[in-house]
Amino acid sequence: MRKVKKIFIWVVTFVMAFSLILWLFLFNLEHVAFNLDFYKNEYLKNDVPSVTKMEIGELLKVTEKMHEYLKGKADDMDVLANIGGDLVRVFNDKELAHMKDVKNLFKLGFWLKDISIAVFLAFFALLVWQTSFVKTLSLLQKGVGFSLLALLILGVLIVLDFENWFTLFHLAFFNNDLWLLDAEKDRLIQMFPLNFFEDAVYLIFKNTLIEILAITGGVFAISKLLREPS
C-alpha cells in the first residue's frame, strides 16, 4: 500500500510539473504570436516589404486583421491592402483555407492553456493534502527539473534541424496539404518565411526556460524558509 502511494505521488508530481511547463510554453507562444513588435522586427529583418511590395504599415494592418481572426474576433481574414500602388486582395483561397486550419489549432492551444493551469493547481492542492506544503514544493522542484531537462533536449534537437521539425509539425497537426505554399506567389509564406518561425520558436523556448529557472529558484527559496524541522 505504501509503495502504491509512493508511485501515485510521483505520477501526480510529474503530471503537475508537465502541466506547469505546458502552460508556460503556451503562454509564451500566445505572447509571441500576438506581439506586433515582434512581427514588425521580423518583417524588417527578412526584407518582407520588398518581397511582398507592401509597406510596413500595410503589413502591420494585415497582421492586426490576422490577430483578430485567430482570436475569434473576426469571421475571416480576407483583407485588401495597398500592394505596389493598387488595392488588391492579400491572400488567395488556398491561403485562407490554411488559416482556417491554423485558427482551429489556436483554439486548441487556448483550451489546452486553460486546462493545463487548472490541472496544475488541482494536482498541487492534491499533493499538499496527501503530503504537506513544503513536501509539495520539494516535489515540484524535482518534477520541474526533470521537465526542464526534457525541454532542453527537445530544444537542442529542434535547433539542429529546424526545417525537418517544422515539416513534421505540419504533417502531425494538419490533415491536408494546404500548408504547402509557393513562395513565388503566395503572400502568406512571403510574410512568414522559415526564418520567422525559427525566431519565434527560439523566443518561446528561451522565455519558457527563463521562467522555469525563475520558478525553480523561487520554489527553492520558499522551501528553505519554510523547511520543517527534522
If one compares the long axis through the Cα atoms of helix 133-160 with the longest principal axis of the Cα atoms of the chain, the angle in degrees, nearest 10, works out at 40 degrees
Helix 36-45: inclination vs the chain longest Cα principal axis, degrees, rounded to 10, gives 60 degrees
Under a 1.4 Å probe, counting only protein heavy atoms, Ile153 has an accessible area in Å², nearest 10, of 90 Å²
Among Leu139, Leu180, Leu127, the residue with the largest mean-square fluctuation in a Gaussian network model of the chain built from Cα contacts under 10 Å is Leu180
By the mean-Cβ-within-10 Å protection proxy, highest first, 187-197, 15-25 rank as 15-25, 187-197
The ratio Rg/Rh over the Cα atoms of segment 70-165, Rh being the Kirkwood inverse mean 1/r radius, stands at 1.22
Computed over segment 178-230, protein heavy atoms only, probe 1.4 angstrom, the accessible area per residue in square angstrom equals 61 Å²
Surpassing 24 Å at the alpha-carbon level, of the pairs Lys5/Lys113; Lys53/Lys94; Lys61/Lys94; Lys5/Lys206; Lys3/Lys113; Lys61/Lys100, are Lys5/Lys113; Lys5/Lys206; Lys3/Lys113
Taking the alpha-carbon centre of each part, the distance from segment 80-109 to segment 126-154 in Å is 42 Å
Expected field for Glu68, accessible surface area in Å² at 1.4 Å probe radius, rounded to 10, holds 90 Å²
Output for segment 192-230: trypsin sites (Lys or Arg not before Pro) sitting in coil per DSSP, at most 14 other Cβ within 10 Å, listed by number, reads Arg227
Quick calc, the chain, dipole around Cα centre from Cβ unit charges on Lys, Arg (+) and Asp, Glu (-), nearest 20 debye, gives 1720 debye
In Å, the C-alpha Rg and Dmax of the chain are 21.8, 76
So, relative contact order of the chain in percent, Cα under 8 Å, 6 or more apart, is 32 percent
For Val79, other-chain or 5+-apart residues with amide H closer than 5 Å (H placed, Pro excluded) are Val90, Phe91
The ratio Rg/Rh over the Cα atoms of segment 150-230, Rh being the Kirkwood inverse mean 1/r radius, stands at 1.23
Reported to the nearest 10 Å², Lys40 has, with a 1.4 Å probe, an accessible area equal to 90 Å²
Helix 194-226 sits off the longest principal axis of the Cα atoms of the chain, rounded to the nearest 10 on a 0 to 90 degree scale, by 20 degrees
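The values are calculated or read from the model by the stated rules, or taken from the named source; none is laboratory data. It should be emphasised that the depicted structure is a prediction, and the values quoted were computed from it without experimental measurement. All Cβ positions, glycine included, derive from the backbone under ideal geometry; neighbour counts span all protein chains shown. Accessible surface is based on the protein model in full, side chains and every heavy atom, while ligands, DNA and RNA are left aside. Shrake-Rupley method; radii C 1.70, N 1.55, O 1.52, S 1.80 Å.
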